[in-house]
Amino acid sequence: MDNKITHSPVLRKLVQKYLNLKKGNIAVDLTLGLGGHSGDILEKVGPKGHLIAFEQDAQNLKIAKENLKKYKNITYIHQNFEFLEQEFKKHKLPKVDGILMDLGLCSSHFDLENRGFSFRKDEPLDMRFSSDLTQKTAADLINRLEVQELTDIFRNYGEEKYAFRIASAIAIQRKLNPITTTKELADLIEEVRPHERHSHIHPATQIFQALRIAVNDELEVLKNVLPQTVNILKKNGRLVVISYHSLEDRIVKHFLKLQEKECICPIEILICQCKHEPTLKILTKKPDRPSEDEINENPRSRSALLRAAERL
Ligand SMILES: C[S@@+](CC[C@H](N)C(=O)[O-])C[C@H]1O[C@@H](n2cnc3c(N)ncnc32)[C@H](O)[C@@H]1O
């Protein structure tokens, strides 16, 4: 029997179509996860090609290494992809033909013990992708931030309309006892958040998403890595990004549009002074989404949005 822990790679065929890798190419997977997409990339580039794989979560990295153990042509980097260029310099790596980012968390994050991502379990309120690279946990934020700061996190990263009400309830509760587990937080949210008729979504869903984004500083990290991807791509190399919520997708969309422009001068300047050179050509005018069949087979793919571009 096969005991492998796996994750169903999302938009598998489209990822490979846009990466357009050939035998002997070098590619980077910035979000190795459990190695699903990486396995496909390794098949495309063949034994003469090479894969550089980033993963900040030590548990996922270990599982991925086991899943990909038959391949010898991989450089694993246990690091936040925010340090992409720094790691390339450190390991003296060359420019690459393709880069994949499949953002967010893996199905394994809900299954592994004591990670604190799931409101369906009773675990320490942690939510760090990497306990060795990140200091603050979700419990730290919940118990230390001001009501206004929590409200902003819930509203901005979770688009939670009862953000202030929930943040205020947290502030009252934590004076009595610190909130340290996923169950304590989920129960509190269920108690104070008005019940929405016809909603199949658990009332804690948006708050848990918002906390995870804040703990791992996901949006800042994404903003920081995108310009670095352009610097390490060869001419005609491809960048493929899959995001899972509108906040991430907006960052990717704006970045790609800016890179494609001939001029980035402020609108009031009539004659171009920026001498900006386009660095990318967008391949997806609108983001690609999974088919109904894929969503039925893998409900996690429901919110996936894929954008791709080619280095000029
Ligand atoms: C959606 S999963 C990727 C799944 C993968 N494509 C597969 O097929 O198995 C995203 C992975 O990226 C990792 N990750 C998220 N943000 C990261 C970052 N800033 N640096 C490095 N790894 C990151 C997460 O820990 C997670 O394992």
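When all protein chains stay in place and ligands, DNA and RNA are ignored, the 1.4 Å accessible-area order of Arg238, Arg120, largest first, is Arg120, Arg238.
The distance linking the range 41-120 with the range 251-312 is 23 Å (Cα centroid to Cα centroid, whole angstrom). For the options Ser291, Ser130, Ser118, a Gaussian network treatment of the chain with springs between C-alpha atoms closer than 10 Å singles out Ser291 as fluctuating the most. Using the Cα centre of the chain as the reference point, and only Cβ charges (+1 on K/R, -1 on D/E), how large is the resulting charge dipole? Debye, rounded to the nearest 20. So the dipole magnitude of the chain works out to roughly 1300 debye. Applying the criteria of a DSSP loop state and at most 12 other Cβ atoms within 10 Å to the trypsin sites (Lys or Arg not before Pro) of the range 173-219 yields Arg197.
The range 135-215 gives an Rg/Rh value of 0.93, both radii derived from C-alpha positions and Rh following Kirkwood. For the set Arg193, Arg155, solvent exposure ranked by accessible area (probe 1.4 Å, protein chains only) runs largest to smallest as Arg155, Arg193. So for the chain, taking the charge dipole from beta-carbon charges (+1 Lys/Arg, -1 Asp/Glu), which of Pro47, Leu100, Cys272 sits furthest toward the positive end? Positive-most Cα among the choices belongs to Pro47. Annotation note: trypsin sites (Lys or Arg not before Pro) in the range 1-49 located in DSSP loop regions with a Cβ neighbour count of at most 12 within 10 Å are Lys4, Lys22, Lys23, Lys48.
Think of the chain as having a plus end and a minus end, set by charges on the Cβ of Lys, Arg, Asp and Glu; of Leu14, Ala169, Gly24, Gly24 sits farthest toward the positive end of this dipole.
Each Lys and Arg Cβ is given +1 and each Asp and Glu Cβ -1; about its Cα centre, the range 125-174 then shows a dipole of about 160 debye. Computed from Cα atoms, the angle from the helix 147-158 axis to the main principal axis of the chain rounds to 50 degrees. Take Glu268: with every protein chain present and a 1.4 Å probe, its accessible area is about 140 Å².
Here the Gaussian network model covers the chain, with springs between Cα atoms less than 10 Å apart; of Asn80, Asn296, Asn236, Asn296 fluctuates the most.
For the chain, the 222 nm mean residue ellipticity estimated from helices alone, with every DSSP H stretch of n ≥ 4 adding -39500 (n - 2.57) and the total spread over all residues, rounds to -12000 deg cm²/dmol. For the chain, what does the relative contact order come out to in percent, with C-alpha contacts under 8 Å and a separation of six or more? Value for the chain: 17 percent. With a 1.4 Å probe rolled over the protein heavy atoms of all chains, the accessible area of Glu149, Glu113 falls in the order Glu113, Glu149, largest first.
In the chain, taking the dipole from charged Cβ atoms about the Cα centre, the farthest positive-side position among Phe117, Thr75, Gln209 is held by Thr75. The phi torsions of the range 84-99, fed into the Karplus equation with coefficients 6.51, -1.76 and 1.60 and a -60° offset, translate into couplings of 3, 5, 4, 5, 4, 5, 4, 8, 6, 8, x, 5, 10, 8, x, 9 Hz, rounded to whole numbers, with Gly and Pro shown as x.
Could you work out which residue, out of Lys136, Lys90, Lys72, moves most in a Gaussian network model of the chain, that is, has the largest mean-square fluctuation with Cα springs under 10 Å? Per the Cα network of the chain with a 10 Å cutoff, Lys90 tops the list. Could you state the angle between the C-alpha long axis of helix 58-67 and the longest principal axis of the C-alpha atoms of the chain, as a value from 0 to 90 degrees rounded to the nearest 10? Once rounded, the angle reads 50 degrees.
Put a plus charge on the Cβ of each Lys and Arg, a minus charge on the Cβ of each Asp and Glu, and nothing anywhere else: the dipole of the range 93-168 about its Cα centre is then about 160 debye.
Here the Kirkwood formula puts the hydrodynamic radius of the chain at 20.9 Å, using every distinct Cα pair. With contacts taken as Cα pairs under 8 Å and at least 6 residues apart, the range 135-215 reaches a relative contact order of 41 percent.
Normalised by the number of residues in the range 112-155, the average gap of Cα pairs under 8 Å and 6 or more apart makes the relative contact order 23 percent. Against the chain, whose longest principal axis is taken from its Cα atoms, helix 218-232 shows a tilt of about 10°.
The values are calculated or read from the model by the stated rules, or taken from the named source; none is laboratory data. On a predicted model such as this, the values are computed, not experimentally measured, just so you know. Note that each Cβ is placed from the backbone with ideal geometry, even for glycine, and that neighbours are counted across all protein chains shown. Side chains included, ligands, DNA and RNA excluded: accessible areas come from the protein's heavy atoms. Shrake-Rupley method; radii C 1.70, N 1.55, O 1.52, S 1.80 Å.
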